[in-house]
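In what follows, a structure is listed as structure tokens, so that the remarks can point back to it.
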Amino acid sequence: MNTVTHPVVPEQVMAFLDGELPSAQAQSVFEHVKHCADCASLAAELANTQRQLATWSVDALPLRVESALLQKLERQNTPLRDPGWPSRVRGPIGVRPLLAISGAATALVIVFLFARVSGRSYLAKYMEPRPTSPSVAALGARGGTTPRQIPNKSKAIAEYEALSRETQQMATNASLDLDGASEGVGRGEGAGNGPSDEDGRVAPDFHQPMIARTVSLTILTKDFPASRAQLDAILARYHGYAAQLTANNAENRARSITASLRIPASELSVAINALKNLGHVETESQSGEEITQQHADLVARLKNAHETETRLQAILQQRTGKVADVLAVEQEIARVRGEIEQMEAERKALEHRVDFGSIELNLTEEYKAQLDGSSPSVSTRMHNALVNGFEHAAESLLGLLLFFMEAGPVLLLWGALLVLPAFLVIRRYRRAVTAV
Amino acid sequence: MLAFSQGSTEAFAELFGRYKQPLYGFFRRRLGDPARAEELTQETFLVVLRSASRYEPRALFRTYLYAIGFKILRAHRHRTVLRATILGLRKPEQAPSVLEAHDANLAVREALSRLDSIGREILLLREFEQLSYSEIADLLRLPVNTVRSRLFRARATLRDILAAPAPQAAPTKFTESEEHA
């Protein structure tokens, strides 16, 4: 066929048979096919091929498939059962997720309410009001906070108090220095309602809960030098001291002081108020850690150690024996004495934490930048930036080069090992996809 | 379909009744395993059901349905081939013409299996799914002119194969899985 004798190409004949030509073009093709034997033959052959293809029939879809599908549809499509359900109610996430979320939220609310009710009944049972000591009451009144209530006296606490009194008595008798850590700063009245020792110092009152208070303050001040002087004055006025203090006086930046202050517990609240006057308080947090139980354990262990020591000393004085036995007893006494000293130190540290509240202070100057005429010019800064940029570019290139020098051989090795299998797998996969 | 997307059960029943057999035929003519064809038919209708709320009448529902079916078929083929290539579990599924050698239409199916894959797909879509050239072009993402020329070539090849004298039939070997299918 050529375009001279056949103005209609074979594909057009096929398209005509398929009804894919516009009506005008279909008419011209029809006229041509009527008078052209070749094209008529082609049309007949194509029609014959179509008829042959049409003989390929497919068995009917089994009924069991249909019923299984309908069952699946019913299971998966609940809204379909109710055509009246508006689609806007279903929303973009469907009904089932909404129901699940609602159920979970309801369960959460129930659990929360249950926990609150249970918590209240528990507190009502174990947190009966008890009279607070004058020291604690005073502390709370001054600081504007109420000391945390503790459960009613239990048997263990009663034993602990008895032990405390005994230990105090033993320590006094042994002329132990129980208040060394607080020497020079004095013990405040808040913790000083207990019995006095030989030096007239007041031992802590262990009938009251032992609470180690910690306060954190972040203050912004406009007049930094004056605030610094006031800080020193506050420490002196309230018999406190700085356990740690770091001052930052760098130029062209905000000056600051980070300090860990120790203030007698009885004067902690007033000291905090005084510190707040240094400037604008940005953040404040207060916490109290009850160490009563910890102290009770320590006192009990201390008492036992004292008794052991007493018994050992009695053995040493009353019994006679070999030199080796005597030496062994003396060694044991020394060991027990060492333990006593260590526990005494721990006890003092605990009591010191109660006697002295801790204030973590962060005092920062409200810095106003000054116009600095000595800063480098714009051209100098651009030059420096350009030099830095080139240096960084060179460094990154060098880093890349070093990386490839270091990892290149490994990458090449694995690439050589994997490239052939990968190529074969990909080729096989492509052939298989094309085949089906 | 619009009525179905608004929740009408009757509309879906009508769609299902109208298209279940053509869709099953679509899969059955392309897969050797009838059970797999049934499974993919179900899957296609499930997809239609799940995406009913997002349906937009931009084309005929028939085109929409076959587009979904074609995607599912393609995904199934890729899965099968990948499994066979990587894991070596079984051979990729064969076309029905190879499997059903005992059938009376062996000549037609054998001739179809000798066409190239694109030509065969275009021819099947045109002859059995009755899609227009433009619908086939949309489905296969080919230009309409390419569809027309490939279709003509496929028909001409098929005509020549069917016109040629039948070769001596060799006994067809079945794999174990194919025999079960």
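Below, the figures for the structure above:
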| read-out | value |
| --- | --- |
| Where residue A:348 falls short, out of the listed (1) free of Cβ contacts under 8 Å to residues at least 40 places away in the same chain; (2) surrounded by 12 or more Cβ atoms within 10 Å (Cβ to Cβ); (3) of a type in the set (Lys, Arg) | (1) |
| Pick from the stretch A:317-345, criterion among the hydrophobic types (A, V, I, L, M, F, W, C) and surrounded by 15 or more Cβ atoms within 10 Å (Cβ to Cβ), ranking: farthest from residue A:212 (Cα to Cα) | A:329 |
| Subset of the stretch B:24-60 that is of a type in the set (Gly, Ala, Ser) and surrounded by 17 or more Cβ atoms within 10 Å (Cβ to Cβ) - its residue that is nearest to residue B:133 (Cα to Cα) | B:25 |
| Tally, over the stretch A:18-33, of residues that are within 23 Å of residue A:48 (Cα to Cα) and either of a type in the set (A, V, I, L, M) or in contact with a Phe, Trp or Tyr (Cβ under 8 Å, 6 or more places away or on another chain) (or both) | 7 |
| Filter pass, residue B:63 being more than 9 Å from every other protein chain (Cβ to nearest Cβ), in contact (Cβ under 8 Å) with a residue 12 or more places away in the chain, part of a helix (DSSP H, G or I) and surrounded by 13 or more Cβ atoms within 10 Å (Cβ to Cβ) | yes |
| Single residue of B:139, B:89, B:162 found to be among the aliphatic types (A, V, I, L, M), at pLDDT below 90, part of a helix (DSSP H, G or I) and farther than 26 Å from residue B:19 by Cα | B:162 |
| Subset tally (residues that are surrounded by fewer than 17 Cβ atoms within 10 Å (Cβ to Cβ) and in contact (Cβ under 8 Å) with a residue 12 or more places away in the chain) for the stretch A:6-49 | 7 |
| Breaking point among (1) in contact (Cβ under 8 Å) with a residue 12 or more places away in the chain; (2) among the aliphatic types (A, V, I, L, M); (3) within 28 Å of residue A:210 (Cβ to Cβ), for residue A:257 | (3) |
| Leading residue by the ranking (farthest from residue A:360 (Cα to Cα)) among those in the stretch A:287-328 that are under 53 Å from the mean Cα position of the chain (by Cα) and among the β-branched types (Val, Ile, Thr) | A:310 |
| Test: residue in the stretch A:393-416 that is under 23 Å from residue B:76 (Cα atoms) and surrounded by 10 or more Cβ atoms within 10 Å (Cβ to Cβ) | no |
| Every residue from the stretch B:117-129 that is at the interface with another protein chain (Cβ under 10 Å from one of its Cβ atoms), surrounded by fewer than 21 Cβ atoms within 10 Å (Cβ to Cβ) and in contact (Cβ under 8 Å) with a residue 12 or more places away in the chain | B:118, B:128 |
| Single residue of B:155, B:77 found to be basic (Lys, Arg), modelled with pLDDT of 75 or more and more than 30 Å from residue A:425 (Cα to Cα) | B:155 |
| Sole exception among (1) within 30 Å of residue A:369 (Cα to Cα); (2) at pLDDT 90 or above for residue A:214, by number | (1) |
| Candidates A:234, A:333, filtered to the one that is closer than 30 Å to residue A:367 by Cα, part of a helix (DSSP H, G or I) and either of a type in the set (A, V, I, L, M, F, W, C) or at pLDDT 90 or above (or both) | A:234 |
| Single match in A:410, A:433 (criterion: at pLDDT below 90 and either over 30 Å from residue A:307 (Cα atoms) or aromatic (Phe, Trp, Tyr) (or both)) | A:433 |
| Residue satisfying condition, being at pLDDT 70 or above, more than 60 Å from the chain's Cα centre (by Cα) and basic (Lys, Arg), within set A:51, A:64 | A:51 |
| Qualifying positions in the stretch A:17-58 - farther than 17 Å from residue A:7 by Cβ, outside any helix (DSSP H, G or I) and not polar (S, T, N, Q) | A:19, A:20, A:56, A:58 |
| Qualifying residue in the stretch B:115-128 (condition: more than 22 Å from residue B:21 (Cα to Cα), at pLDDT below 85 and either part of a helix (DSSP H, G or I) or touching a strand residue (DSSP E or B) at 6+ places or on another chain (Cβ under 6 Å) (or both)) | no |
| Matching residues, the stretch B:33-46, being more than 8 Å from chain A (Cβ to nearest Cβ) and closer than 19 Å to residue B:125 by Cβ | B:37, B:40, B:44 |
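The values are calculated or read from the model by the stated rules, or taken from the named source; none is laboratory data. All values derive from a computational prediction rather than experimental measurement. Neighbour counts run over all protein chains shown; Cβ positions are idealised from the backbone, glycine included.
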